[in-house]
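Since the structure comes first, as structure tokens, the remarks are kept for the end.
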Amino acid sequence: MHGRLKVKTSEEQAEAKRLEREQKLKLYRSATQTVFQKRQAGELDESVLELTSQILGANPDFATLWNCRREVLQKLEAQKSPEELAALVKAELGFLESCLRVNPKSYGTWHHRCWLLGRLPEPNWARELELCARFLEVDERNFHCWDYRRFVATQAAVPPAEELAFTDSLITRNFSNYSSWHYRSRLLPQLHPQPDSGPQGRLPEDVLLKELELVQNAFFTDPNDQSAWFYHRWLLGRADPQDALRCLHVSRDEACLTVSFSRPLMVGSRIETLLLMVDESPLAVEWRTPDGRNRPSHVWICDLPTASLNDQLPQHTFRVIWTAGDAQKECVLFKGRQEGWCRDSVTDEQLFRCELSVEKSTVLQSELESCKELQELEPENKWCLLTIILLMRALDPLLYEKETLQYFQTLKVVDPMRAAYLDDLRSKFLVENSVLKMEYAEVRVLHLSHKDLTVLCHLEQLLLVTHLDLSNNRLRALPPALAALRCLEVLQANDNVIESLDGVTNLPRLQELLLYNNRLQQPAALQPLASCPKLVLLNLQGNPLCQAVDTLEHLAELLPLVSSIFT
């Protein structure tokens with residue numbers, strides 16, 4: 001142990017300790033064997049409580065023995081008088097407290113205490129809150145005790161304001177308290193619930209500004225402690241996107257309708273229901289995901305009957321109603337047109353960040369300047385660097401794009417162990433910026449080449465894109481979410497490190513796919529491309545699979561509809 005003088009032991013002392021340990025182990029094993037024998041024989045009496053007490057008193061983490069005690073207590077409930085049962089429960093609570101003194105972080109002990117109090121007709125919750133306070137006095141970061149306190153506070157209906165004040169006291173005593181910060185993140189939404197019409201999870205601005213001030217004091221007091229930085233990150237992202245239909249697209253050629261949402265949902269479940277109205281008449285359809293997987297998705301598709309696409313009428317109106325999200329969107333397919341769509345512009349909605357008031361923007365700007373000053377004093381503080389990046393994203397991602405990339409480079413040098421995570425986060429931000437720029441320009445072509453991307457994200461935002469350039473990046477695979485790009489005609493992914501094409505499936509309009517200088521090893525890796533009916537040009541030059549003599553024959557057999565294959 002720290003601070004204790006290490007005393008050398010003689011051979012005789014070492015031998016004596018070894019014999020003592022062997023004797024304890026023998027008794028431990030004997031008692032355990034006896035408990036299991038009695039349990040198997042159905043002899044669940046007070047002697048089992050005594051035996052398990054001997055074992056659990058030394059090792060409270062023996063989960064099976066806690067189960068045995070619960071079985072005994074359940075049986076004794078029917079046999080004991082109320083007075084005897086009360087005495088038994090009091091003794092059990094005392095025993096549990098002694099076990100917690102042996103190991104305050106024993107999962108089994110805390111769970112058993114929850115179970116026991118849950119069976120009492122009138123538990124003394126005030127005593128349990130005092131117990132939590134005592135153990136948190138010893139170790140304010142004991143998350144087992146924090147979990148138990150949340151359980152007790154819920155059962156006792158302790159007002160959230162009182163619990164928030166309790167977290168204040170512990171944070172004031174020691175900023176480095178993950179559990180206390182986390183508890184605040186659970187309490188604040190309870191104290192300040194938003195109306196049904198408001199954005200879910202968003203805190204009132206005055207509360208948010210106070211929390212930002214509190215947490216700023218914390219990480220300026222101890223810049224190297226992680227807990228306050230994590231809470232600050234939670235505050236920056238504290239708003240779920242409002243439920244909305246982002247885009248609605250109808251295709252006459254594919255005879256289908258595609259809709260994208262602000263969050264993944266499971267259509268067809270009891271909660272999420274979509275209603276389709278065609279020319280103001282309801283139409284029963286079957287919904288599916290673009291990649292065919294039965295799981296929550298941002299994008300859903302349905303096939304349309306021929307009558308709903310009749311070109312004799314001047315136009316057809318399609319309206320999708322999302323009942324659970326209380327949202328709807330409508331688009332029109334005009335006569336002579338092969339497709340129609342309706343999408344909100346990013347100038348009208350906040351896709352990747354919350355809308356900032358003048359006051360909040362001023363506070364975040366001040367925090368950004370303060371963090372930059374702190375970073376000058378603590379140049380290798382990774383949490384400060386990451387927070388600077390996140391603040392820039394919250395304020396104006398396009399304005400700070402170049403500076404953000406410079407901070408990412410610095411952060412990778414400071415924190416090389418998380419280089420892969422930082423590369424992915426940087427890629428996410430770059431894709432977001434590119435989507436914003438594309439939407440402002442109102443084009444259907446997206447250039448993501450030469451950005452050193454390691455992952456692709458937000459593909460559900462690219463429903464209308466016809467040309468996508470992913471060349472000269474570090475992508476290892478094309479994700480299944482790529483199937484959401486229903487309008488994609490040309491995909492360039494040259495000069496990456498792609499080893500798999502599992503994500504290139506069911507793209508109804510894809511005509512050209514350029515994949516030269518990647519790492520595709522076998523012709524079988526191209527099997528998913530067979531599901532793209534209009535693919536006519538495929539460039540595979542510079543891939544390892546091209547070195548085999550019979551590659552072209554294999555590919556012609558695998559992809560008979562592709563007329564031009566370059567190897």
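Annotations for the structure displayed:
- The condition of being assigned to a strand (DSSP E or B) and hydroxyl-bearing (Ser, Thr, Tyr) holds for Ser260.
- Gln194 being over 21 Å from Asn217 (Cβ atoms), outside the structural domain of Cys99 (by the TED database), open to solvent by 30 Å² or more (accessible area, probe 1.4 Å) and touching a residue at least 24 places away in the same chain (Cβ under 8 Å): no
- Enumerated helices (runs of 4 or more DSSP H) restricted to segment 349-461, each holding at least 3 residues that are open to solvent by 30 Å² or more (accessible area, probe 1.4 Å) and closer than 30 Å to Ser471 by Cα: 401-414, 419-441
- Any hit, segment 178-191, residues being under 21 Å from His232 (Cβ atoms), assigned to a helix (DSSP H, G or I), touching a residue at least 12 places away in the same chain (Cβ under 8 Å) and among the basic types (Lys, Arg): yes
- When segment 462-488 is filtered for residues that are assigned to a loop (DSSP other than H, G, I, E, B) and among the aliphatic types (A, V, I, L, M), the ones remaining, listed by number, are Leu463, Leu464, Val465, Leu470, Leu475, Leu478, Leu485, Leu488.
- Residue within segment 497-510 that is within 17 Å of Ala483 (Cα to Cα), among the basic types (Lys, Arg) and modelled with pLDDT of 90 or more present: yes
- Residues being among the polar types (S, T, N, Q) and over 26 Å from the mean Cα position of the chain (by Cα) - total across segment 494-504: 2
- Residue list for segment 509-567, filter: part of a loop (DSSP other than H, G, I, E, B), in contact with a strand residue (DSSP E or B) (Cβ under 7 Å, 6 or more places away or on another chain) and over 30 Å from Thr258 (Cα atoms): Tyr516, Leu540, Gln541
- Arg186 being touching a Pro at 6+ places or on another chain (Cβ under 9 Å), modelled with pLDDT of 85 or more and open to solvent by 50 Å² or more (accessible area, probe 1.4 Å): yes
- Any chance Pro82 is without any contact (Cβ under 8 Å) to a residue 60 or more places away in the chain and either under 26 Å from Asp139 (Cβ atoms) or among the polar types (S, T, N, Q) (or both): no
- Matching residues, segment 529-539, being crowded, with 20+ Cβ neighbours inside 10 Å and either more than 12 Å from Val562 (Cβ to Cβ) or under 33 Å from the mean Cα position of the chain (by Cα) (or both): Leu529, Cys532
- Residue check, Asp222 surrounded by fewer than 16 Cβ atoms within 10 Å (Cβ to Cβ), more than 30 Å from Gln312 (Cα to Cα) and at pLDDT below 85: yes
- Top-ranked residue in segment 287-322 [being assigned to a loop (DSSP other than H, G, I, E, B) and among the acidic types (Asp, Glu); ranked as modelled with the highest pLDDT]: Asp291
- Test: residue in segment 68-79 that is of a type in the set (S, T, N, Q) and at pLDDT 90 or above: yes
- Within segment 158-174, not a single residue is part of a loop (DSSP other than H, G, I, E, B), in contact (Cβ under 8 Å) with a residue 24 or more places away in the chain and in contact with a His (Cβ under 9 Å, 6 or more places away or on another chain).
- Apart from one condition, Leu491 fits all of (1) part of a loop (DSSP other than H, G, I, E, B); (2) within 36 Å of the chain's Cα centre (by Cα); (3) at negative phi; the exception is (1).
The values are calculated or read from the model by the stated rules, or taken from the named source; none is laboratory data. Values in this document were obtained by computation on a predicted structure and should not be read as measured data. Neighbour counts are summed over all protein chains in view; Cβ atoms, including those assigned to glycine, are modelled from backbone coordinates with ideal geometry. We work out accessible area using only protein heavy atoms, side chains counted, and drop any ligands, DNA or RNA first. Shrake-Rupley method; radii C 1.70, N 1.55, O 1.52, S 1.80 Å.
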